[in-house]
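Comments concern the structure below.
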Amino acid sequence: MRVALGAISSAQTKGTTATAEAVTYLLNYCASHPDATVSFVASPMVLNVHSDASYLTEAEARSRAGGHYFLSDGATTAPKLHNGAVHTVCGILKHVMSSAAEAELGALFVNGKEATVIRQTLKDMGWPQPPTPIQTDNSTACGIVNRTVKQQKSRAMDMRFYWICDRSDQKHFYVYWAPGSLNMGDYHTKHHAPAHHRHVRPFYVHTTNSPRFL
């Protein structure tokens with residue numbers, strides 16, 4: 001819903017018939033699913049983040065960043081406990097990105113900033129945090145953060161995004177790569193077909209067939 005709301009709000013000042021149709025479609029979706037709830041199970045309270053971006057998918061050549069935050073076990077790259085989301089990022093990046101890798105790096109930057117607040121909150125609650133695992137499905141962005149690729153043209157990327165590299169060096173985050181099919185942040189970055197919504201719905205909100213473990 002936040003993807004649709006973001007697209008509609010960005011177009012409301014220059015609304016067209018397509019905008020009105022999108023509003024009607026969203027309201028029909030809300031009416032069809034009025035009782036969505038999120039389910040939580042006991043866990044070691046280790047924050048995990050799935051970060052993703054969609055390149056040039058929004059109006060005016062902009063890209064979207066998404067993030068899925070959940071509390072799970074202490075596994076670095078393969079948490080098995082499937083918990084409900086404690087936070088979700090879904091927004092349009094302000095600046096035009098020059099490549100898919102820059103969009104993914106921008107999403108890591110956005111999600112890193114949000115995760116910093118949640119990490120500190122968990123610490124204050126008495127749950128010390130290891131380096132927060134952040135999953136991305138872009139190998140170039142992952143390589144830039146972990147400094148395993150030699151940058152050339154990509155050095156022109158927005159300098160603020162390199163904040164995530166510094167935080168990774170300080171062991172606040174551990175950025176790792178995994179296939180896009182395993183990235184739960186992907187759902188918050190794109191406009192999907194109804195069949196896909198029905199397929200992934202049990203993973204994000206509580207239904208009778210929602211899995212507890214991945």
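The values are calculated or read from the model by the stated rules, or taken from the named source; none is laboratory data. Because the structure is predicted, anything quoted here is derived from the model rather than measured. Cβ: placed from backbone, ideal geometry, glycine included. Neighbour counts: every protein chain shown. The accessibility values were calculated without ligands, DNA or RNA, using every heavy atom of the protein model including side chains. Shrake-Rupley method; radii C 1.70, N 1.55, O 1.52, S 1.80 Å.
Some notes on this structure:
- Under the condition of being without any contact (Cβ under 8 Å) to a residue 24 or more places away in the chain and on the phi < 0 side of the Ramachandran plot, the residues counted in the stretch 135-167 number 12.
- Looking across the stretch 57-90, just one residue is more than 21 Å from Trp177 (Cα to Cα), open to solvent by less than 30 Å² (accessible area, probe 1.4 Å) and either under 15 Å from the mean Cα position of the chain (by Cα) or among the aromatic types (Phe, Trp, Tyr) (or both), and that is Gly84.
- Taking helices (runs of 4 or more DSSP H) as the structural unit, those lying wholly within the stretch 113-214 and holding at least 3 residues that are under 28 Å from Leu26 (Cβ atoms) correspond to 194-204.
- Filtering the stretch 178-197 to residues that are among the small types (Gly, Ala, Ser) and closer than 8 Å to Asp52 by Cα leaves only Gly185.
- Answer residue from the stretch 36-56, given it is within 21 Å of His188 (Cβ to Cβ) and not in a strand (DSSP E or B) and is most open to solvent (accessible area, probe 1.4 Å) among those: Phe40
- Of all residues in the stretch 5-42, those being among the small types (Gly, Ala, Ser) and touching a residue at least 60 places away in the same chain (Cβ under 8 Å) number 5.
- Pairs with Cβ under 6 Å, 6+ apart, first in the stretch 179-201 and surrounded by fewer than 20 Cβ atoms within 10 Å (Cβ to Cβ), second polar (S, T, N, Q): Lys190/Ser54
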